[in-house]
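Accompanying notes for the structure given below.
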Amino acid sequence: MTGAEKLGRADRPLAAWRGKLAVGEGWAHWQGAAGDNSLHRHLAAQAVFSAQPISFHRSDGVVVRGRVVLIDPLVAHRLDPADDVEIFFFEPAALHGDAAEVLTRVPNDDPDAIWLESHEPRFQFWSRARLAQDTRAGPSPALRRALAQVDAELSNGPVRLAVAAAAAGLSPDRFRHVFVEAVGVPFRRYVLWKRLQRAVALRGEGCDATTAAHGAGFADSAHLARTIRAMFGISASQLGRAG
């Protein structure tokens, strides 16, 4: 962010996130006003729709503007506040049926569609969804057992790769390789996203920040707040006001 940008943002009140957040298995959906956020990147693939063109800032300082923005996992970005947006998040591990349905709203020749593409082919989520090139048939039975073990362990503190590997019937080294191949991201990044997903769901149920943090396996509310800031570019209090 340039000095002029910082000064301009300091001269006005922070824009709040106001709207409704829904979290499901492998996806999240936001509908409402997008508030202030810092440059951030997250594990989820993201699709943003707006009735009016909105600006996105890339990590290299380039600003792109459009009514539709598709963002691959782990691509750093910041969006300007907007009054009415719809944002979809998809885990890389999720099947692409829902993502493909979202893409039906984006014609191939749409001049207002912007794509923030990952430089790494394994993270090019929207390319695979668009071209139907993702040949993964979903998690194998062994991997499903491991993912279920992750869900069961989230609120108990650390989720150990060795425990998930044992649930899959694989050695830790083999499991680490199989997991990245099947899911597309390292095990620890996946666990972090699942913790965030659970914390958001608990906040949506009315839990305070401390209860949500502990229920999702974070050390405390400060740990959750730092993770939310790093992953979504917003504060934990902004998340708490969503709904």
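Every number in this text was worked out from the coordinates using simple rules, so none of it is lab data. Just so it is clear, the model here is predicted, and its values are computed rather than measured. All Cβ positions, glycine included, derive from the backbone under ideal geometry; neighbour counts span all protein chains shown.
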Ranked on Cβ counts within 10 Å of their own Cβ, fewest leading, Arg203, Arg189 go Arg189, Arg203
Hydrodynamic radius by Kirkwood, which averages 1/r over all alpha carbon pairs of region 141-241, in angstrom: 14.1 Å
DSSP loop trypsin sites (Lys or Arg not before Pro) in region 137-171 with at most 15 other Cβ atoms within 10 Å of their Cβ, which ones? Arg160
Output the Cα-based Rg and Dmax of region 3-131 in Å, rounding Rg to one decimal and Dmax to a whole number. 14.5, 45
Sorted by chain and then number, the residues having a modelled amide H within less than 5 Å of the amide H of Ile114, at least 5 places away or on another chain, are Val68, Val69, Leu70
Footprinting exposure proxy for Glu101, Glu117, Glu153 (fewest neighbouring C-beta atoms within 10 Å first): Glu101, Glu117, Glu153
Among Lys20, Lys194, what is the fewest-to-most ranking by other Cβ atoms within 10 Å? Lys20, Lys194
In order over region 194-211: 3J(HN,Hα) from phi, Karplus 6.51/-1.76/1.60, θ = phi - 60°, whole Hz, x for each Gly or Pro, gives 5, 5, 4, 4, 5, 4, 4, 4, 5, 5, x, 7, x, 5, 6, 4, 5, 5
Residues whose modelled amide H sits under 5 Å from the amide H of Leu79, counting only those 5 or more places away in sequence or on another chain, are His57
